[in-house]
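Here the structure is laid out as C-alpha cells; the discussion comes afterwards.
The values are calculated or read from the model by the stated rules, or taken from the named source; none is laboratory data. What you see is a predicted model, and the numbers here were worked out from it, not measured in a lab. Cβ sites come from the backbone with ideal geometry, for glycine too, and all protein chains shown count toward neighbours. With ligands, DNA and RNA removed, areas are computed over all heavy atoms of the protein, side chains included. Shrake-Rupley method; radii C 1.70, N 1.55, O 1.52, S 1.80 Å.
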Amino acid sequence: MSAQPAPDAPQAEVALGDFLDDARVVIDLDVASRKRLFERMAKLAASRGDGPGLDSVLSALTQREKLGSTGIGNGIALPHGRMDGFAEPLIAVARLKRAIHYDAPDGAPVWLAARSADRAPSNSSSQAPRAPPSPPVLLHAHP
C-alpha cells in the first residue's frame, strides 16, 4: 500500500508547458499513415538528446498501440508509452496536414496527435511513491 498525501497537503503544480517546447510542436505534419506518424513523433521525442533513442521510443509507441487504439475520437489521438531513459515526462504535438485513418472509436480520421512519454514504473520499493497522474488534457478544435 502506498502512502497518500494528506488531503490538505499542498501539491506542486505542474503546467503542460513545463514538458513541451517549440521544438516538439509541428504544424501541418505531412504523413499518410499511423506508422509514419509514430516515426515522426518518435523522432521529435528522440531529438531531445537526453533520453532513449529513436528505436526505443518508436517501439514503446508501437507496443502500446497493440493494446488498443490511442485515438480518442473527434480527430484526436494521444499516442503514448512508458520507457526508461527520460529524466522527466515529454510531450510532442502535431497537427497533421491531412487527416489519417487511425481506428478511433468514432471512426473519424485523426488530424491532431499529442504524444507523451513517461518513465517506466519502477518495481523498486526503495523509491518514493509517485503522485497519481493528473487528469488527461484533451485538446479539441476544428481543422
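Could you let me know the centre-to-centre spacing of the stretch 14-66 and the stretch 75-97, using Cα atoms, in angstrom?
If we compute the Cα centre of each part, the gap is 5 Å.
First select every other residue whose beta carbon is under 11 angstrom from the beta carbon of Lys97; then total the charges, Lys and Arg +1, Asp and Glu -1.
Result for the neighbourhood of Lys97: 0.
For the pair Ser47 and Asp18, what calculated FRET efficiency results from E = 1/(1 + (r/R0)^6), where r is the Cβ-Cβ distance and R0 = 25 Å, to the nearest 0.05?
With R0 = 25 Å, the Cβ-Cβ based efficiency is 0.85.
Quote to one decimal, in nm, the extra length available between Ser59 and Arg95 on full extension: 0.36 nm per residue of separation minus the C-alpha distance between them.
10.8 nm
Quick check for me: using +1 on Lys/Arg Cβ and -1 on Asp/Glu Cβ, what's the dipole size of the stretch 59-104 about its Cα centre, in debye to the nearest 20?
220 debye
Can you tell me the FRET efficiency between Ala108 and Asp84 if r is taken as the Cβ-Cβ distance and R0 is 30 Å, rounded to the nearest 0.05?
Using R0 = 30 Å, I get an efficiency of 0.30.
For the stretch 43-105, report the accessible area per residue in Å² (1.4 Å probe, heavy atoms, rounded to an integer).
Result: 50 Å² per residue.
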